[in-house]
Amino acid sequence: MILSALLTSVGINLGLCFLFFALYSILRNQPGNITVYSPLLFNERKAQQQDEFNLERLLPSPGWVKRAWQPSEDELLSITGLDAVVFMRMFIFWLWIHFCAAYVFTGVVCYLLYCEYNYISLKRIAYFYSSKRQPHQFTILVRGIPAPSGSSFSQTVENFFIEYHPSTYLSHTVVRRTSKIQSLINDAEKLYRKLGNLKASNSQQRFMRDGFLGLFGRKVDIADHYEKKLQDIEDNVRLERSSLAGEEVPAAFVSFKSRFGSAIALHIQQGINPTEWVTERAPEPKDVYWPFFSESFMKRWIFKIVVVVAYIALTILFLIPVVVVQGLTHLDQLETWLPFLKGLLSLTFVGDLVTGYLPSLILHLFLSVVPPIMIFFSSMQGYISHSQIEKSACTKLLWFTVWNIFFANVLSGSALYLVNVFLEPKKIPSVLAEAVPAQASFFIAYVVTSGWTSLSSELFRLFPLLCSFMKRLFVGKDDDDDFEVPQMPYHSEIPRVLFFEILGVTYFFLAPLILPFLLVYYCLGYIIYRNQFLNVYAPKYETGGKFWPIVHNSTIFSLVLMHIVAIGIFGLKKLPLASSLTIPLPVLTLIFNEYCRKRFRPIFKAYPTECLIKKDREDQNDPTMTEFLEKLATAYQDPALMPVQYSRSADGRSSPLLRAVEV
C-alpha cells in the first residue's frame with residue numbers, strides 16, 4: 001500500500017469520526033433521542049425530556065467528554081459493575097504500555113501485567129466485600145442426581161443434603177423442562193406487542209384474512225384475532241403446567257445458610273460415584289441459561305462436536321473475503337481480474353480509495369457478522385449461564401480474529417508462506433519476519449477504519465437511532481413498556497480491543513508508525529466507553545472481573561509472537577548472536593505467565609475461606625438476613641413458572657397470558 005492510499009484512508013475515517021462526534025453532540029440533546037443516547041439515565045428517571053425549544057440544543061458541544069471523564073473509578077464501579085471497570089482498565093493499561101519505549105519492552109509489559117493482575121485481583125476481593133448479599137453466593141448447582149426409587153428428585157435432594165449437610169443446608173429448587181412453556185410465553189409476548197402497537201397507532205387497517213399469508217380465508221378483526229390467539233396460548237400453558245410434575249431434570253439449585261457452607265459443598269466430592277452429585281457454582285438467578293436444562297446429555301455432547309466442526313468451517317470460509325481484500329491492495333492484480341476497470345483505477349484518487357480504504361472497510365463489515373454467530377455457537381455447547389456463553393464467545397472471537405485478520409492477511413501474499421508454516425515449523429520465524437512487516441500499512445489502515453470509525457459509530461449509535469426513529473414514525477412514540485436498557489456487548493468489544501493490542505506489541509519495533517494511531521484509538525476508546533457506561537449500558541449480570549484472564553493470556557501471546565518475529569528478523573539481518581540471545585525471551589515470558597497463573601488465577605475461580613467467613617460473620621448481626629434466606633428459597637425458580645408481569649394492555653385490560661400463568 002503506497003503512502004497516498006494510506007493518507008486517503010486516514011482522511012476519510014478522520015472525517016467520519018468528526019462527523020459522528022458532531023452529530024452525536026447535537027442529537028443527544030434532542031428530547032426524542034433520550035432512549036437512544038441515555039437509556040440508562042432514562043430508565044432510572046434521572047434524565048427528563050424537555051419539550052421546550054432551545055437553540056443551544058442544535059449546536060455541537062464537547063461537554064459530554066468532560067462528563068464522561070469526571071467520574072472516579074469507584075463511581076463507575078457503583079454505576080456499571082466490575083466488568084465495566086475491567087473493560088475500561090484495558091484502555092488505561094495499554095495507554096501506559098504505548099507510552100513506554102526486545103528485553104526492556106518485555107520487562108515493562110510483564111511488570112505492568114503483574115501489577116494489573118494484582119490490582120484486578122485486589123479489586124475483585126474489595127468488590128466482594130462491598131457487595132450486597134447475592135443468591136448465587138449461597139447456592140450451588142447439583143447435577144447427576146441419582147434416579148430416585150419410589151420418590152421424586154426433589155425428595156432425593158432434600159434427604160441427601162439434610163443427612164450430609166444438616167447444619168448448613170437451607171433449601172433447594174429442582175429444575176424442570178419448561179422449554180415448551182417458555183416458547184409459548186415468547187409467542188404471547190410477540191402477540192402482545194403487536195396488539196399494543198396496533199391499538200397505539202390507531203391504524204385504519206383493522207381487518208385481515210385468516211388464511212395462507214393473510215391473502216385467503218375469511219375477514220377477521222386483527223385485534224380480535226390476536227386476542228383469540230392469546231386465549232389459545234393460555235389454554236396451552238394450562239395444559240403444559242398440569243403435566244409439568246413429571247418433567248423433572250436430575251439437577252437442582254441447592255441453597256445454604258452461609259457462603260462457607262456453600263463453598264464446602266462445592267469443592268468436596270459429594271458421592272462415592274464421581275459422576276453423581278456433581279456440583280458447580282451457581283450463576284446469578286437472572287444469568288441462568290434455562291434452555292440448557294431442556295437438552296439431554298447426549299444432545300449437548302453432539303452439539304459440542306458440531307460447534308467445533310462449524311467453527312473450523314467458518315474459519316476456512318472467512319478466508320474468501322480475506323483473499324478478496326488482499327487482492328484490492330494490489331492494483332495490478334485487480335486490473336488483471338477486472339480489466340474493464342483499468343481506466344477507472346488509473347485515476348489517482350480512485351486507486352488510493354480502493355487500495356487504502358476499501359480493503360479494511362470490507363474486512364470490518366464481514367467481521368461484524370461473526371459475534372452473533374459465536375454467541376450462537378457457545379449457546380449450543382452446554383453452558384449454564386449467559387455470562388459463560390459470553391466469555392466463551394469472547395475467546396472464540398478473539399482467536400478467530402487473530403487467525404483470520406492477522407495471520408491470514410499476513411500469510412495470504414504467497415502460497416509458499418502457508419506451505420512453509422505447516423511443513424517446515426523451523427522456518428516459522430523467518431517466514432513471519434518476511435510477511436509481517438509487509439502488511440504494516442494495511443494494519444494501520446485497519447486500525448483507522450475498524451478502530452477510530454467504529455468507536456465514533458459506537459458513540460453515534462446509528463442502528464438504535466434508526467430503530468427509535470422508525471418507531472416514532474410508524475407507531476407515533478417509543479413504547480416505554482417495551483423499553484429495555486442495553487447491555488455492553490463484551491463478547492465483541494473485548495476481542496477488538498485486544499486485537500489492536502496484539503498489533504501494537506507485534507509491530508512495536510517492526511513498524512513504530514502504527515503506535516500513534518493505536519494511541520489515538522485508546523484515548524478515544526477510554527473517553528467514549530466511559531460515556532457509554534455512564535449513559536447507555538447497564539449490567540444485566542456480573543462476572544466479578546473474570547474477563548481479565550483473557551486479557552492477560554492475549555498479552556502473553558502477543559509478546560511471544562513479537563519474540564518469534566524478532567528472532568526471524570535478526571536471522572534475516574545475518575545477526576545470529578542477536579537472534580540466539582532473543583531465544584530466552586519467549587521462555588522467560590511463558591515462565592512469568594505460569595507464575596501469574598499460579599499466583600492470581602485461583603482468586604478468579606473462587607473466593608478464599610478468609611473472605612467467605614468474614615462476610616458470613618458480618619451477616620450474623622444483620623437483622624435482614626432472615627428475610628434474605630426466606631427469599632433465597634424461591635430465587636432460582638424458572639421464569640417460565642413465574643407470573644409474567646405486563647404493566648397494562650393497550651386498551652387497559654389485563655393480559656390473558658398473565659391470568660394463564662397465575663392459574
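The values are calculated or read from the model by the stated rules, or taken from the named source; none is laboratory data. A quick note: this is a predicted structure, and the numbers were derived from the prediction, not measured. Here the Cβ is made from the backbone with ideal geometry for all residues, glycine too, and neighbour counts use every protein chain on show. Side chains included, ligands, DNA and RNA excluded: accessible areas come from the protein's heavy atoms. Shrake-Rupley method; radii C 1.70, N 1.55, O 1.52, S 1.80 Å.
Extending each Cα 7 Å along its Cβ direction at K286 and N186, get the distance between those two points in nm, one decimal.
For the pair K286/N186, the computed spacing is 2.0 nm.
From the phi angles alone, apply the Karplus equation (6.51, -1.76, 1.60; θ = phi - 60°) to the stretch 32-37 and give each ³J(HN,Hα) in whole Hz, x where the residue is Gly or Pro.
Ordered by residue, 3J(HN,Hα) equals x, 9, 5, 6, 8, 9 Hz.
What are the semi-axes of the equivalent ellipsoid for the stretch 283-325, taken as the square roots of 5 times the Cα gyration tensor eigenvalues, largest first, in whole Å?
Equivalent ellipsoid semi-axes, largest first: 32, 16, 6 Å.
Determine the distance separating the Cα centre of the stretch 361-381 from the Cα centre of the stretch 382-414; give it in Å without decimals.
Cα centroid of the stretch 361-381 versus Cα centroid of the stretch 382-414: 9 Å apart.
Assuming a ≥ b ≥ c are the square roots of the Cα gyration tensor eigenvalues, decide whether the stretch 511-566 counts as rounded (a/c under 1.5), prolate (otherwise, with a/b larger than b/c) or oblate.
It is oblate, given that a/c is not under 1.5 and a/b is not larger than b/c.
What distance in nm separates the two pseudo spin-label positions at Y111 and S154, each 7 Å out from Cα along the beta-carbon direction?
Placing both labels 7 Å beyond Cα along the Cβ direction yields 6.2 nm.
Do the alpha carbons of any pairs in K546/K598; K66/K391; K123/K605; K304/K396; K66/K540 sit beyond 22 Å of each other, and which pairs?
K66/K391; K66/K540, as the Cα separations exceed 22 Å there.
Which length gain, in nm to one decimal place, applies between K299 and R617 when the Cα-Cα distance is subtracted from 0.36 nm times their residue separation?
110.1 nm
Per-residue HN-Hα couplings for the stretch 516-529, Karplus 6.51 cos²θ - 1.76 cosθ + 1.60 at θ = phi - 60°, whole Hz, x for Gly and Pro?
Here the 3J(HN,Hα) series is x, 5, 5, 4, 4, 4, 5, 5, 4, x, 5, 6, 5, 6 Hz.
Using the Kirkwood radius built from alpha carbon pairs, what does the Stokes-Einstein equation give as D for the stretch 126-190 at 37 °C and 0.692 mPa s, in µm² per second?
Roughly 217 µm²/s, to the nearest whole number.
At a 1.4 Å probe radius, which order do R530, R143, R617 fall into by accessible area, largest first?
Ranking R530, R143, R617 by accessible area, largest first, yields R617, R143, R530.
What ranking of S130, S456 comes out by heavy-atom accessible area, probe 1.4 Å, highest first?
Descending accessible area places them as S130, S456.
Given the Cα-Cα distance of A606 and L577 and 0.36 nm per residue of separation, how much length would full extension add, in nm?
Extra length from A606 to L577 when fully extended: 5.9 nm.
Using the beta-carbon distance between Y129 and F628 and R0 = 22 Å, what value does 1/(1 + (r/R0)^6) give for FRET efficiency, to the nearest 0.05?
It comes out at approximately 0.80.
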